[in-house]
Amino acid sequence: MSQLTGQLTLSFDSDETEISVIREVEVIRDRDCTIDTPILHGYRPEPIYGKGVELYPTVPGRTDTPHMMKYYLNNLDPLETYDYFFVLFSGGKDSVASVLNLLELGVPRDKIILLHHDIDGGSEKKMDWPATKAYCIAFAAAFGLEIRFSFREGGFWGEVYRYGSKQPVQFQDADGSMKRIEPQAWARSQELKEMMHRAELEDNMELFKKYDEELRSYGYRFKFPAKKADLSARYCSGVLKIEVGSVAIAHQVDTQKDCKIMVLSGERRGESTNRSNYNMMELHRTHAPTRNKRIVHHFRNVIDFSEKDVWEVLKRNRVVPHACYLVGWGRASCACCIFSSPSHFAGIKELLPAYYENIRQSEIELQFTLDNNKSIDEFVGNAKSCVVHSEKKAIYQLLTGDIKAEDIILPNGVEWTYPAGAFRQGTGGPC
Ligand code: SF4
């Protein structure tokens, strides 16, 4: 069997030297990436599917903590040995590049399944772009790929106002039906809420307090996620994406026993110091070789790509990105991502005033601001909206979700150009 290896080539600034020394990895950070940055990893790869090629990471996997030891994986087996390839597909450019890379490596379409987590979880109060789900469906249709959806009931706002257990997760199974998995404490939490209601009606405050205490022991938030890398503080990524994805992968009827899966996701080292330290390949948290005979390997196949490399993959495949990039956003994270800049929140205020108002009202209700120190109005101040008003079709698509498969691949003769949001950094969250 042959081996594939690679090498990264540029370096961090001095403030992040420690990371680069520890990992011996040099990365083009997004904030330094421009349209003139040379392409390093974004070239078309060799189609290696079916050729017995093992894949090795550009930087060896970490073994510096018991946690990292647990997930350590030396290499990936030849692609043809995997039964399914689940791509965690947000619809952002990096997840699009991850899918296109997989196709260019020669993986058959019928083995690839896109998994999209709906951040709003069917709730009336929204956080994500109206266009995101439609873009994901249209992309899957344009490339002849299967897509399955999953979400945590109540979505982002349900978690902000959480009182008791986390809400159940719903996911689409192989036959298209929706399945529902309740967390362990869910039934008891529901029971406690009813008992509290009765105690309140009976004016039995002692009992009410007792139930309240137990309910809070299962979880209580009433605050926004923190703008931190730590997933327990920035709980939205973990609760609404990572955990939902794991439930969806572990419970699909076709992945419960005796199968070998590759999970792919589009994180890149250049996005943040935290991500620069991620493993390119490791065991996935749903790996259960003994109990379920389920092998699950996680491959971050574009982790070394710069932003320029990612756009190169889309350009070569003539893919039109999510409309938010054309309208001026640098990332297709949640529309109201907690990490958004003032000019992007000014853009939300302009395009999706109800979303903006939700944040404003919740800050008053919760007595807790989304920013560390300022209310949303103070945070935005006089910032100029990032919206590129000349992009009329993209604005329409962004707000209506009216996107079809034929909108995804540019017709021949139409030149592919960088969207307005390309190379505009710091404009969205880390997931
Ligand atoms: S995109 Fe932003 S708001 Fe959405 S889950 Fe990620 S960090 Fe949270």
Point-to-point label distance, Tyr163-Ser232, nm (Cα→Cβ direction, 7 Å offset): 2.5
Residue-wise HN-Hα coupling along region 163-169, computed from phi with Karplus coefficients 6.51, -1.76, 1.60 (Hz; x: Gly, Pro): 9, x, 4, 4, 7, x, 9
Charge sum, other residues only, whose C-beta stays under 9 Å from Asn292's C-beta, Lys/Arg counted +1 and Asp/Glu -1: +3
Whole-Hz couplings from phi, Karplus 6.51/-1.76/1.60, listed for region 375-382; x for Gly and Pro: 5, 4, 5, 5, 4, 6, x, 9
Fluctuation leader among Pro47, Pro130, Pro342 - the chain, Gaussian network, Cα springs under 10 angstrom: Pro47
Under Karplus coefficients 6.51, -1.76 and 1.60, residue-wise ³J(HN,Hα) of region 229-238 in Hz, glycine/proline x: 6, 4, 5, 6, 8, 8, 5, 4, 4, x
Reachable aspartates and glutamates, given that their alpha-carbon falls under 12 Å from the alpha-carbon of Lys93 and they are not under 8 places away in the same chain: Glu267, Glu307, Asp309, Glu312
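How many percent of DSSP beta bridges within region 252-400 run antiparallel, rounded to 5? All intermediate terms of the calculation are to be shown ahead of the outcome.
Numbers: 4 of 10 bridges.
Around 40 percent antiparallel, to the nearest 5.
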1.4 Å probe accessible area per residue over the chain, in Å²: 45
Nearest-ten-degree value, helix 186-201 long axis tilted from longest Cα axis of the chain: 20
Carbon/sulfur fraction of accessible area - region 52-171, other protein chains in place, 1.4 Å, %: 54
Antiparallel DSSP beta bridges within the chain, percent to nearest 5: 40
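How much length would be gained if the chain were fully extended between Ile181 and Ile364, taking 0.36 nm per residue of separation minus their Cα-Cα distance, in nm to one decimal? Please list the in-between numbers first.
On the way: separation 183, 0.36 × 183 = 65.88 nm, distance 3.32 nm.
Taking Ile181 through Ile364 to full extension adds about 62.6 nm, to one decimal.
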Helix 93-104 vs. the chain, principal-axis angle (Cα, 0 to 90°, nearest 10): 40
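With respect to the cross-link table entries Lys125/Lys223; Lys111/Lys260; Lys70/Lys228; Lys349/Lys384; Lys126/Lys349, which display a Cα-Cα separation exceeding 19 Å? Spell out each step's value before the answer.
Details: Lys125/Lys223 16 Å; Lys111/Lys260 12 Å; Lys70/Lys228 24 Å; Lys349/Lys384 11 Å; Lys126/Lys349 14 Å.
In this structure, Lys70/Lys228 lie more than 19 Å apart at Cα.
With a sphere of radius 15 Å drawn around the Cβ of Glu194, what net charge do the other residues whose Cβ falls strictly inside it have (Lys, Arg +1; Asp, Glu -1)?
Once positives and negatives cancel, what remains is -1.
Using a 1.4 angstrom probe on the protein heavy atoms only, could you order Arg109, Arg300 from most to least accessible area? Before the final figure, lay out the partial values.
Details: Arg109 120, Arg300 20 Å².
Highest to lowest solvent-accessible surface, that is Arg109, Arg300.
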Net dipole in debye of the chain [+1 Lys, Arg Cβ; -1 Asp, Glu Cβ; about Cα centre; nearest 20]: 320
Rounded tilt (10° steps) of 353-366 against the dominant C-alpha axis of the chain: 50
Potential extension, Ser375-Ile35 segment - 0.36 nm per residue separation minus Cα distance: 118.9 nm
Residue of Pro78, Pro411, Pro66 that the Gaussian network model of the chain assigns the largest fluctuation, springs spanning Cα pairs under 10 Å: Pro66
Cut-off 14 Å between beta-carbons: net charge of the residues surrounding Thr34, Lys and Arg +1, Asp and Glu -1: -2
Under 5 Å, built H, 5+ apart or other chain: amide partners of Cys259: Arg294, Ile295
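The values are calculated or read from the model by the stated rules, or taken from the named source; none is laboratory data. Quantities reported herein were computed from a predicted structural model and do not represent experimental measurements. When we count neighbours, we look across all protein chains shown, and the Cβ atoms used for this are built from the backbone with ideal geometry, even at glycine. With ligands, DNA and RNA removed, areas are computed over all heavy atoms of the protein, side chains included. Shrake-Rupley method; radii C 1.70, N 1.55, O 1.52, S 1.80 Å.
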